[in-house]
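Asks: Have a look at this one.
The values are calculated or read from the model by the stated rules, or taken from the named source; none is laboratory data. Predicted, not measured: the structure shown is a model, and the values here were computed from it. Don't worry about glycine lacking a Cβ; one is built from the backbone with ideal geometry, like all the others, and counts go over all protein chains shown.
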2 protein chains.
Amino acid sequence: MAGMDAAQQTPLPVGYRVLANHDISHQLAQRPDIAAALGGTPAQWHVRDVADGNLNSVFLVEGPNGGVCVKQSLPWVRVAKDDWPLSVERAFFESAYMQRTEPFALGLAPRLLHFDASLRMIVMERLRPHTILRQALIAGVQHPLAARAVAEFAASTLFHTSDIANPFERKADDVALFCKNHALQRITVDLVFIDPYTHNTRNRYVSPHLNAWARALREDGALKSAVARHRNNYLSKPQALLHGDLHSGSVMVTQDDTRVIDGEFAWVGPIGFDTGNFIGNLLLSWFAKASHRTDAQKRDAYRDWIAQQVQDFWQHFHDRFLAHWQGWRGPSDGYPASHFDPDADTTELRALKAEYLEDVWADTLAFAAIEMVRRCIGFAQVADFSSIQDPALRARVQAPALALARDMLVNPHHYRTVQTLLRSLTRHDLLRPDSTLPHQDELSHA
Amino acid sequence: MAGMDAAQQTPLPVGYRVLANHDISHQLAQRPDIAAALGGTPAQWHVRDVADGNLNSVFLVEGPNGGVCVKQSLPWVRVAKDDWPLSVERAFFESAYMQRTEPFALGLAPRLLHFDASLRMIVMERLRPHTILRQALIAGVQHPLAARAVAEFAASTLFHTSDIANPFERKADDVALFCKNHALQRITVDLVFIDPYTHNTRNRYVSPHLNAWARALREDGALKSAVARHRNNYLSKPQALLHGDLHSGSVMVTQDDTRVIDGEFAWVGPIGFDTGNFIGNLLLSWFAKASHRTDAQKRDAYRDWIAQQVQDFWQHFHDRFLAHWQGWRGPSDGYPASHFDPDADTTELRALKAEYLEDVWADTLAFAAIEMVRRCIGFAQVADFSSIQDPALRARVQAPALALARDMLVNPHHYRTVQTLLRSLTRHDLLRPDSTLPHQDELSHA
């Protein structure tokens, strides 16, 4: 594994050790600002291990006055422990992402309180009583503000770190910094863009049910060509500072608050990677709902609501990005005021903006599809599907998602707008009688 | 001036001082390998100041056994001295470019012998009896191997530093390093991509003769939109490690040797920037020849030869780049062997390669045009034109170049191949009776 090889060559920082539950209070007590925020004495602080991902320790700490969240990079991928060592550098990049985007995050991310470079430990605002958006989607709970809030966050952070809103030197500094995020980018390159289209022991699709689909993806030259175009875009189109992992598991919600977390995959890349990731995961959630065989009316209403969130997300992202652009009066080497008077709403500038956002949509569509494929076929599965106990049923709801994803990549002209994308869900719906899905026939060839 | 502001904030390295002619031998004597290469004693070394550019000191040193070339970054732009301070970092980037491309340069660049980080002094192979290709073009001397050799150099260095031929980590390291080349990139961004389309005191076009052209460029929204697309490509399309200034003044030639020099503008960007720069300058040379009013037959034959060099350059670049790709069996995150078997010449891989090179051609065309505009209108003029003493005549041969450049940018579909580009020269030729050039009428409006 390339990720493994790279990690083995990256030494741990001097002073690094894996923190246990009982270490946390001692570490926090050394920071007067954090100790004061928690209140009382360290003995009164309650520390709880809440890690649910693969890569990090996460502790929630509650004191008499308030709480904080502590996140530490571990030197391995949790699921595999010693089998998959991983550089702990990622906490540095997550804290750098939080710092760089903080002025543009509009309160839609937790506040960074402290970064300990030796321990690769981030202390940040504790969110309560937030839940993970993905879990809420699985549970069928509506959070009406969430998709628009993520769109707001994405539009603002992406716009303000792009060539539209910076002298090139500032953006080049971001590129230079985040280009060093090798370990997690190797994971993205391999797990998202390469493995799902190959024979690879890391792939974890439902077998034998999806064998025919996995084989079809491996053998589809047109599909791999489309993936190649977008893999090369991911590597060589540094439009803006990406979150890099903006799925529904990286969003925490309450009914009136939304926060984007986990920016450790930060990378300067194509804007559509972030927006596509979010849309792709909403679509996966929509497909997973087909597994609910009770209370069809409630299920269908919730699926319609998810589809509406996709539309709201894209429309709001589009409108907010444009609004930031229209309001921008700062430096810009991409569209300098000396070429395009921002106060004169010229045909040319309007056309350039429309062209820019059409290009972001094309990327969004492709990256959404690539995300859908890798979450059904690759190593990192999503709970929307893995919570479906019956493998045959899981495969049956994943197959339509794969069919749609393939068509989005190979026939992008079918999906020039978010509306046409959403209308295509009907065609790919396992639950509808007019579904043209090849799932049963294809599966029988497995 | 942005370049000035940035430079004022960059301190000189500890130990830096501007070297004079009499310092050089002392500096070289401290390096036993260089002293041995020169031979004899320092007192026997002959040092000659040969700087002809704006940015650096250049000394040729001859000893009994051989010679070296010494190049030092100066902390200002020579032409303006104290008016335009400039960071001396560029010597570091030039030496980094020489080191990184050396394995792929095929002997088509001078060998780097030493880089002194304090003095920002490069010691490299002395080329003799080479002349600058631009001077040879002005003098009407043919160097039949030059264009193909530059194509060979470009194809090899660009291919081997691209995502086609590297794991992404290696390329990301190049991006991170050359992203710090702020001072010279600010020059490119301003002088190439922004200034010529604005009112700017740095612009130096022939006035009043080209006033109408300068105004037409400033007021042409479609043109500035095309420039914006390619400025953004320059900033955000890191395909490969560019030379960054690959014009005929950066090539030294004899009848049987060709060397590419002066990589201080190195930047990871779109491949077409290097190829377009070279082609754009050959076209400028072709246009400048129209000023020769004696010996029409010889002049016309030489112009035909220049046009042939444009075709040879592009064809050879195209073929060699493809040949490197077809032969590549090393790591590739752009087109991994697990997706595209390099030994199976599939339709898809052939199509991807053709698409890649068509995209490079589109960029080549646009960057050639942008180079042509800036060399006629902007700060850094070229000797092909500035050697024409009569300003009216100079303007008359520049106007057709501007007309062609504008059309290349606004109507790129007219120029899908190098052959169609070359055929268009006839239409834009001041010397031909069927020329449709608006030069005289337009000039009268100045």
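Asks: Would you tally the residues in region A:174-185 being facing chain B (nearest Cβ under 7 Å), in a helix (DSSP H, G or I) and touching a residue at least 24 places away in the same chain (Cβ under 8 Å)?
Replies: So the count comes out to 3.
Asks: Out of B:ALA354, B:ALA362, B:ALA344, I need the residue that is in the same structural domain as B:ALA405 (by TED's automatic domain parsing), touching a Lys or Arg at 6+ places or on another chain (Cβ under 9 Å) and aliphatic (A, V, I, L, M). Which one?
Replies: B:ALA362
Asks: Exactly one of these conditions fails for A:ASP333: (1) closer than 17 Å to B:ARG231 by Cβ; (2) more than 8 Å from every other protein chain (Cβ to nearest Cβ). Give me its number.
Replies: So the condition that A:ASP333 fails would be (2).
Asks: Taking region B:144-170 as the region of interest, how many residues are within 10 Å of B:ALA105 (Cα to Cα) and among the aromatic types (Phe, Trp, Tyr)?
Replies: Total satisfying the criteria: 1.
Asks: Another question, then. If A:GLY140 meets every condition in (1) on the phi > 0 side of the Ramachandran plot; (2) touching a Cys at 6+ places or on another chain (Cβ under 6 Å) apart from one, which number is that one?
Replies: For A:GLY140, the exception is condition (2).
Asks: Could you go through region B:238-254 and let me know if any residue there is in the same structural domain as B:SER387 (by TED's automatic domain parsing), in contact (Cβ under 8 Å) with a residue 40 or more places away in the chain and more than 30 Å from B:VAL70 (Cα to Cα).
Replies: Checked region B:238-254: at least one residue is in the same structural domain as B:SER387 (by TED's automatic domain parsing), in contact (Cβ under 8 Å) with a residue 40 or more places away in the chain and more than 30 Å from B:VAL70 (Cα to Cα).
Per-residue answers, yes or no, for (1) in the same structural domain as A:ARG90 (by TED's automatic domain parsing); (2) closer than 15 Å to A:PRO270 by Cα; (3) not small (Gly, Ala, Ser):
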{"site": "A:ALA154", "(1), (2), (3)": "no, yes, no"}
{"site": "A:THR157", "(1), (2), (3)": "no, yes, yes"}
{"site": "A:ASP163", "(1), (2), (3)": "no, yes, yes"}
{"site": "A:LYS171", "(1), (2), (3)": "no, yes, yes"}
{"site": "A:VAL175", "(1), (2), (3)": "no, yes, yes"}
{"site": "A:TYR197", "(1), (2), (3)": "no, no, yes"}
{"site": "A:ARG204", "(1), (2), (3)": "no, no, yes"}
{"site": "A:LYS224", "(1), (2), (3)": "no, no, yes"}
{"site": "A:ARG229", "(1), (2), (3)": "no, yes, yes"}
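Asks: Of everything in region A:168-205, what is closer than 30 Å to B:THR188 by Cβ and within 21 Å of the chain's Cα centre (by Cα)? Give them in sequence order.
Replies: Within region A:168-205, A:ASP174, A:VAL175, A:LEU177, A:PHE178, A:CYS179, A:LYS180, A:ASN181, A:HIS182, A:GLN185, A:VAL189 meet the criteria.
Asks: Out of (1) away from every other protein chain (no Cβ under 14 Å); (2) within 28 Å of A:ARG78 (Cα to Cα); (3) aliphatic (A, V, I, L, M), the odd one out for A:LEU365 is which?
Replies: (2)
Asks: Please specify each residue of region A:152-173 satisfying the condition of being more than 9 Å from chain B (Cβ to nearest Cβ) and assigned to a helix (DSSP H, G or I).
Replies: Residues satisfying the conditions are A:GLU152, A:PHE153, A:ALA154, A:ALA155, A:SER156, A:THR157, A:LEU158, A:PHE159, A:HIS160, A:ARG170.
Asks: Only one of these is crowded, with 23+ Cβ neighbours inside 10 Å, farther than 30 Å from B:LYS353 by Cα and touching a residue at least 40 places away in the same chain (Cβ under 8 Å): A:TRP286, A:TRP305. Name it.
Replies: Residue meeting the stated conditions: A:TRP286.
Asks: Given the residues B:TYR234, B:TYR205, which is the only one that is in a helix (DSSP H, G or I) and touching a residue at least 24 places away in the same chain (Cβ under 8 Å)?
Replies: So the residue among B:TYR234, B:TYR205 that is in a helix (DSSP H, G or I) and touching a residue at least 24 places away in the same chain (Cβ under 8 Å) is B:TYR234.
Asks: Could you say which residue among A:PHE385, A:PHE313, A:PHE379, A:PHE321 is farther than 30 Å from A:PRO167 by Cα, in a helix (DSSP H, G or I) and in contact (Cβ under 8 Å) with a residue 60 or more places away in the chain?
Replies: A:PHE385
Asks: Considering region A:35-50 alone, what residues qualify as being more than 29 Å from the chain's Cα centre (by Cα) and not in a strand (DSSP E or B)?
Replies: A:ALA35, A:ALA36, A:ALA37, A:LEU38, A:GLY39, A:GLY40, A:THR41, A:PRO42, A:ALA43, A:GLN44, A:TRP45
Asks: Within region A:338-370, take every residue that is among the β-branched types (Val, Ile, Thr) and in contact (Cβ under 8 Å) with a residue 24 or more places away in the chain and give me the one that is farthest from A:TRP314 (Cα to Cα).
Replies: Step by step, filter region A:338-370, then rank; the result is A:ILE370.
Asks: Separate question: Out of region B:344-388, which residues are surrounded by fewer than 21 Cβ atoms within 10 Å (Cβ to Cβ), among the acidic types (Asp, Glu) and under 21 Å from B:LEU246 (Cβ atoms)?
Replies: Those that are surrounded by fewer than 21 Cβ atoms within 10 Å (Cβ to Cβ), among the acidic types (Asp, Glu) and under 21 Å from B:LEU246 (Cβ atoms): B:GLU358, B:ASP359.
Asks: Within the set of pairs 6 or more residues apart or between chains, which connect a residue that is more than 7 Å from chain A (Cβ to nearest Cβ) inside region B:187-201 to a residue that is surrounded by 21 or more Cβ atoms within 10 Å (Cβ to Cβ) and of a type in the set (A, V, I, L, M) with Cβ atoms less than 6 Å apart?
Replies: Listed pairs, sorted by first residue: B:PRO196/B:VAL373; B:PRO196/B:ILE377.
Asks: Looking only at residues in region B:211-225 that are assigned to a helix (DSSP H, G or I) and surrounded by fewer than 21 Cβ atoms within 10 Å (Cβ to Cβ), which one is nearest to the other protein chains (Cβ to nearest Cβ)?
Replies: B:GLY221
Asks: Taking B:PRO208, is it modelled with pLDDT of 95 or more, within 14 Å of chain A (Cβ to nearest Cβ) and either surrounded by fewer than 24 Cβ atoms within 10 Å (Cβ to Cβ) or more than 18 Å from the chain's Cα centre (by Cα) (or both)?
Replies: no
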